[in-house]
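Input: a single structure, listed below in structure tokens.
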């Protein structure tokens, strides 16, 4: 493998039912940063059927090029045809970096493709940057420059690992949704569109889709919330979450979320969980109520604009990341805070 042949930062632009997923725009935003450090460009890879109409939107969010693979076999996601298509793109265009969202689709597609192109993959990354590897020069070991440094929680979230792939290309990573920030949309920015038609060969790994049943859920997406009122084990019971809902209702775009302990106790569904095994959120205001602040939880909310912690334990780790901390009984503090906000709105 000649590493010099591999150029550019590529992202997989996930679409479902011909609608681009938000992770595609988040990946483009991060890819633009990486590409600037490498003096290269950003290419979005768009797979599907009749998806050419989505290229303008990818360009508007910063993609310099869009490679479109349009094939009837790609109408609905299936591992084998999608893996064949993305593998063919990588083999043909040789990207230096390939980023995939750590969604249900991406967690299936990314590892499959990395194995086929014989490279490594770092899963569930929360930070990406260009740097030297090893991070510090070591006697007798070459320090390689301009490497993709991929950071992710490891060992159950108890430590953070930074991983590189210096000897193979592309450098591949799946990236947590909600961690990277999309660029502002610029409709005047147009991407160069490249049509690519690789041969997709049916084999015994193909599955046939007999029926697609779509259910409409009524669960709010906490990743869209501007204000999150998040409760932990310290809230005490499912009934006590009514206090948190009252507080959330004081804000336009306010929602309730929770820690893993709350889900394990059956007080809220996992859709509302923040943290390493839940969702990564970035609201304008994050209330951490009755949450101790274990690293697994903090990893999912530390990028919030403003963090307010309420806990009876003054030594709780959550206060280390909070902008404002209140030590005391949440059953008294939360209703008092809610009443004060309601009174302020009434004035």
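Only one residue in 305, 271, 249, 313 is surrounded by fewer than 18 Cβ atoms within 10 Å (Cβ to Cβ) and closer than 22 Å to residue 102 by Cα. Which one?
Values: 305 fails: closer than 22 Å to residue 102 by Cα; 249 fails: closer than 22 Å to residue 102 by Cα; 313 fails: closer than 22 Å to residue 102 by Cα.
Going through 305, 271, 249, 313 in turn, just one is surrounded by fewer than 18 Cβ atoms within 10 Å (Cβ to Cβ) and closer than 22 Å to residue 102 by Cα: 271.
Taking the options 148, 128, name whichever one is touching a strand residue (DSSP E or B) at 6+ places or on another chain (Cβ under 8 Å), within 18 Å of residue 23 (Cα to Cα), in the same structural domain as residue 85 (by TED's automatic domain parsing) and buried (at least 19 other Cβ atoms within 10 Å of the Cβ). Reasoning before the result, please.
Numbers: 148 fails: within 18 Å of residue 23 (Cα to Cα).
That would be 128, the only listed residue that is touching a strand residue (DSSP E or B) at 6+ places or on another chain (Cβ under 8 Å), within 18 Å of residue 23 (Cα to Cα), in the same structural domain as residue 85 (by TED's automatic domain parsing) and buried (at least 19 other Cβ atoms within 10 Å of the Cβ).
Just give me the residues in the stretch 274-302 being surrounded by fewer than 21 Cβ atoms within 10 Å (Cβ to Cβ), in contact with a strand residue (DSSP E or B) (Cβ under 8 Å, 6 or more places away or on another chain) and closer than 15 Å to residue 316 by Cβ, in sequence order.
If the condition is that a residue be surrounded by fewer than 21 Cβ atoms within 10 Å (Cβ to Cβ), in contact with a strand residue (DSSP E or B) (Cβ under 8 Å, 6 or more places away or on another chain) and closer than 15 Å to residue 316 by Cβ, then 292, 295, 296 are the ones that fit.
Taking residue 17, is it within 21 Å of the chain's Cα centre (by Cα) and either under 22 Å from residue 147 (Cα atoms) or surrounded by fewer than 22 Cβ atoms within 10 Å (Cβ to Cβ) (or both)?
On the way: within 21 Å of the chain's Cα centre (by Cα): yes; either under 22 Å from residue 147 (Cα atoms) or surrounded by fewer than 22 Cβ atoms within 10 Å (Cβ to Cβ) (or both): yes.
For residue 17, the condition - within 21 Å of the chain's Cα centre (by Cα) and either under 22 Å from residue 147 (Cα atoms) or surrounded by fewer than 22 Cβ atoms within 10 Å (Cβ to Cβ) (or both) - is met.
Which one is farthest from residue 172 (Cα to Cα) among residues in the stretch 1-29 that are touching a strand residue (DSSP E or B) at 6+ places or on another chain (Cβ under 6 Å) and part of a strand (DSSP E or B)?
Result: 15.
Here are some conditions: (1) surrounded by fewer than 17 Cβ atoms within 10 Å (Cβ to Cβ); (2) at pLDDT 90 or above. Residue 203 meets all but one. Which one does it not meet?
Among (1) surrounded by fewer than 17 Cβ atoms within 10 Å (Cβ to Cβ); (2) at pLDDT 90 or above, residue 203 violates only (2).
So which residues in the stretch 44-56 are buried (at least 21 other Cβ atoms within 10 Å of the Cβ) and in contact (Cβ under 8 Å) with a residue 60 or more places away in the chain?
Answer for the stretch 44-56, where residues must be buried (at least 21 other Cβ atoms within 10 Å of the Cβ) and in contact (Cβ under 8 Å) with a residue 60 or more places away in the chain: 44, 55.
Considering each of 47, 54, 34 in turn, give the residue that is outside any helix (DSSP H, G or I) and in the same structural domain as residue 69 (by TED's automatic domain parsing).
Values: 54 fails: outside any helix (DSSP H, G or I); 34 fails: outside any helix (DSSP H, G or I).
Within the list 47, 54, 34, the selection yields 47.
The values are calculated or read from the model by the stated rules, or taken from the named source; none is laboratory data. Just so you know, these numbers come straight off a predicted model, no measurement behind them. Backbone-built Cβ (ideal geometry, glycine too); neighbour counts: all protein chains shown.
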